[in-house]
1. Among the numbered criteria (1) on the phi < 0 side of the Ramachandran plot; (2) modelled with pLDDT under 95; (3) not hydrophobic (A, V, I, L, M, F, W, C), which one does G94 miss?
2. T354: more than 23 Å from the chain's Cα centre (by Cα) and of a type outside the set (A, V, I, L, M), yes or no?
3. Would you call S346 free of Cβ contacts under 8 Å to residues at least 24 places away in the same chain and either within 15 Å of G46 (Cα to Cα) or surrounded by fewer than 20 Cβ atoms within 10 Å (Cβ to Cβ) (or both)?
4. Looking only at region 345-358, which residues are under 18 Å from S149 (Cα atoms) and part of a strand (DSSP E or B)?
5. Select, from F194, F199, the only residue that is without any contact (Cβ under 8 Å) to a residue 60 or more places away in the chain, buried (at least 19 other Cβ atoms within 10 Å of the Cβ) and in contact with a His (Cβ under 6 Å, 6 or more places away or on another chain).
6. If K26 satisfies every condition in (1) assigned to a loop (DSSP other than H, G, I, E, B); (2) surrounded by fewer than 21 Cβ atoms within 10 Å (Cβ to Cβ); (3) at pLDDT below 95 but one, which is the exception?
7. Looking at A170, A131, A164, which one is modelled with pLDDT of 95 or more, among the hydrophobic types (A, V, I, L, M, F, W, C), under 29 Å from G89 (Cβ atoms) and in contact with a helix residue (DSSP H, G or I) (Cβ under 8 Å, 6 or more places away or on another chain)?
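The values are calculated or read from the model by the stated rules, or taken from the named source; none is laboratory data. As the structure is a computational prediction, the values presented were derived from the model and not from experiment. Backbone-built Cβ (ideal geometry, glycine too); neighbour counts: all protein chains shown.
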Amino acid sequence: MGGIGVAASLDAAAVITNPAGMSNLKGRIDFGATYFVPSVEQKVSGVMAGIMAQDGKAIESNRGASPVPAFGLIIPIAEKLNFGIGAYGISGMGVDYERNVYQSILSTSYSQMRFSPGVSYKINDMISVGAVLNIMYATMEFSAATNGSAVGMPADQEEHMNSASFGYGATLGVSIKPIEMIAIGIAYETKSNFQDFEFQTDQGRDTLQFDQPQSVTGGFSFTPLQNLLIAFELQWIQWSSTNGSKMPEFSENNSNATPWNLNWDDQIVYKFGVQYALTPMFVVRAGFNYGKMPLDKQRAFENVAFPAVAEYHYTAGFGIAFNNNLTLNIGGMYAPEASIKGGNTSQYIASYETKMSQYSFDIGLAYVF
């Protein structure tokens, strides 16, 4: 449903989207998984003749599909108090190119898993509040320009492999239901503070600061008919605080690694979703999600290595209720091709273009008790 979940409380994922929404749900457990498939390619030209064998030709990333787990549990522990816990794959990105502008393999990978225990409290029939602690585990590695001196760079770059970090943050939420057919939700997610990622290289230890940004989401859901739900949400993400100018930043750099400078802007994401019950046993869903890419087109290498260029997402799915307790949910997402192009001679790149499209399949079982 386009990623909505702050105003409309639909399943145990309310634990991470808007914990106040747990008060609107019965006890339940949700198991799910996503099969995520990106299609990424780059086309790069170097500033010097012959800097790369495939100069200006399109090359596809060999990075394959990724399974993403999802688990949520909500337990009523008192008349107005619910406990919830979730374990979800939250974010990930990376590419795997056989050769890049620096005549070497370009490989990047980042993934984050989140564990979120928390509670919700129903103040009255209209207002509920909730809070969860976000405990995160992330992995990161990147390798680029290991043959950099061959193309005029000051030195070869060391591989930065197999690093992991724990992080923490929190999500606070409010759910308001002024009348039966309207629900309003607001959720605030704090900045997620991670330990520095530590890399052991041949020239010594490097440590990289890479946190995740704070965000605010608000929206409303509308039930004009008993079997029809419509929801709209806006999300603000402060990328500039963690992925902005000269970020992520090395706190220790013994290998003389080239500094990162993603220089991402803050982002507004628009989400729309609709759900319609054709029968008591069969529900159909659809959604739309748009966020203008936050990238700086002048950061040529960073945009090839971490191509966060998706903007439009279209979603659809359905649910089959076998009885009052057990439901099977199936869904899919498609993000059509988006691209960004530019150049940066200080990175030895005269021009570049990177493109990406995505699709995913979701399946989950929900048991209400």
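1. (1)
2. On the way: more than 23 Å from the chain's Cα centre (by Cα): no; of a type outside the set (A, V, I, L, M): yes.
So T354 fails the test.
3. Details: free of Cβ contacts under 8 Å to residues at least 24 places away in the same chain: yes; either within 15 Å of G46 (Cα to Cα) or surrounded by fewer than 20 Cβ atoms within 10 Å (Cβ to Cβ) (or both): yes.
The answer is yes for S346.
4. I349, A350
5. Working: F194 fails: in contact with a His (Cβ under 6 Å, 6 or more places away or on another chain).
Every option except F199 fails the conditions.
6. The single condition K26 does not satisfy is (3).
7. On the way: A170 fails: in contact with a helix residue (DSSP H, G or I) (Cβ under 8 Å, 6 or more places away or on another chain); A164 fails: in contact with a helix residue (DSSP H, G or I) (Cβ under 8 Å, 6 or more places away or on another chain).
Step by step, each of A170, A131, A164 is checked, and only A131 is modelled with pLDDT of 95 or more, among the hydrophobic types (A, V, I, L, M, F, W, C), under 29 Å from G89 (Cβ atoms) and in contact with a helix residue (DSSP H, G or I) (Cβ under 8 Å, 6 or more places away or on another chain).
Per-residue answers, yes or no, for (1) assigned to a strand (DSSP E or B); (2) surrounded by 15 or more Cβ atoms within 10 Å (Cβ to Cβ); (3) in contact with a helix residue (DSSP H, G or I) (Cβ under 9 Å, 6 or more places away or on another chain):
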residue	(1), (2), (3)
A20	no, yes, yes
P38	yes, yes, no
S45	yes, yes, no
V68	yes, yes, no
F83	yes, yes, yes
N100	no, yes, yes
